[in-house]
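What follows is a short report on a single structure.
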Amino acid sequence: MSVAFRRESDEEHKEPKFELPLPAGANLVTRRGLALIEAKVVELEAAVAAEGEDEPREVLKRELRYWNTRRTTAQIAPVPEDGVVGIGSRVRIRMNGRERVIDLVGHDEADPSADRLAFQAPLAQALIGAEEGEKVDFGGRPQAIEILGIETIPD
């Protein structure tokens, strides 16, 4: 029989399972972000211990490796200067005639639908370093965003 028609097992035809991709750059987090990462590790450790089947356990262990790496590489971002936008800032802006409040956070605690933007997001990058009352360029438009207020996100 030809080798092309012989199959030892289904295992040799499965797609390889790669590690979850890590975001590029430093893993800067807020204190809240570090607490969320630590809680996720505890949750996944318990789930791995409780899982009785091999395949679901392997999926959980893969996710646990990701979060352990994120915890190990986490660096608490320095507290931004008063009146200057940085990681850990809550910023009130006016853009396109609309006011909006945005929190600048680390990658793992970002939730754009809740206006929690990762510091690497284009809008966050445009805001970092700006001061209250300043207008900053964004999306190829000069002075597209006005900084109305800046405060530190409460822990």
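Here are the numbers:
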| quantity | calculated |
| --- | --- |
| Peptide ranges 58-68, 30-40 listed from the most packed, as the mean C-beta count within 10 angstrom indicates | 30-40, 58-68 |
| Solvent exposure, largest accessible area first (probe 1.4 Å, DNA, RNA and ligands not counted), of Asp103, Asp54, Asp111, Asp155 | Asp155, Asp54, Asp111, Asp103 |
| Environment charge of Val136, counting only residues whose C-beta is closer than 13 Å and scoring Lys/Arg +1, Asp/Glu -1 | -2 |
| Spatially near lysine pairs across the chain, Cα under 25 Å, sequence gap of 8 or more or different chains | 4 |
| Two-decimal Rg/Rh across the range 102-150, once Rg and the Kirkwood Rh are taken from alpha-carbon atoms | 0.97 |
| Extension gain from Glu58 to Glu151, taking 0.36 nm per residue of separation minus the Cα-Cα distance | 29.2 nm |
| Solvent-accessible area of Glu131 with every protein chain in place, 1.4 Å probe, in Å² to the nearest 10 | 100 |
| Folded to 0 to 90 degrees: helix 54-73 orientation relative to the chain principal axis, Cα | 30 |
| Rg followed by Dmax, in Å, when the chain is reduced to its Cα trace | 21.7, 78 |
| Length-normalised contact order for the chain - Cα pairs under 8 Å, 6+ apart - percent | 21 |
| Solvent-accessible surface ranking, highest first, for Ser113, Ser89 at 1.4 angstrom | Ser113, Ser89 |
| Candidates Glu81, Glu55, Glu45: whichever shows maximal mean-square fluctuation once the chain is modelled as a Gaussian network with Cα springs under 10 Å | Glu55 |
| Probe 1.4 Å, all protein chains present, accessible-area order of Arg90, Arg116, Arg98, largest first | Arg98, Arg90, Arg116 |
| GNM flexibility winner over the chain from Gln75, Gln143, Gln125 (Cα, springs under 10 Å) | Gln143 |
| Relative contact order of the range 35-99, defined on C-alpha pairs under 8 angstrom at six or more residues apart (%) | 24 |
| Sites Val48 and Gln143, calculated FRET efficiency, Cβ-Cβ separation with R0 35 Å, nearest 0.05 | 0.10 |
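The values are calculated or read from the model by the stated rules, or taken from the named source; none is laboratory data. Here the structure is a predicted model, which means the values were calculated and not measured. Methodologically, a virtual Cβ is constructed for each residue, glycine included, from the backbone with ideal geometry; neighbour enumeration extends over all protein chains shown. Areas reflect the complete protein model, heavy atoms only, side chains present, ligands, DNA and RNA absent. Shrake-Rupley method; radii C 1.70, N 1.55, O 1.52, S 1.80 Å.
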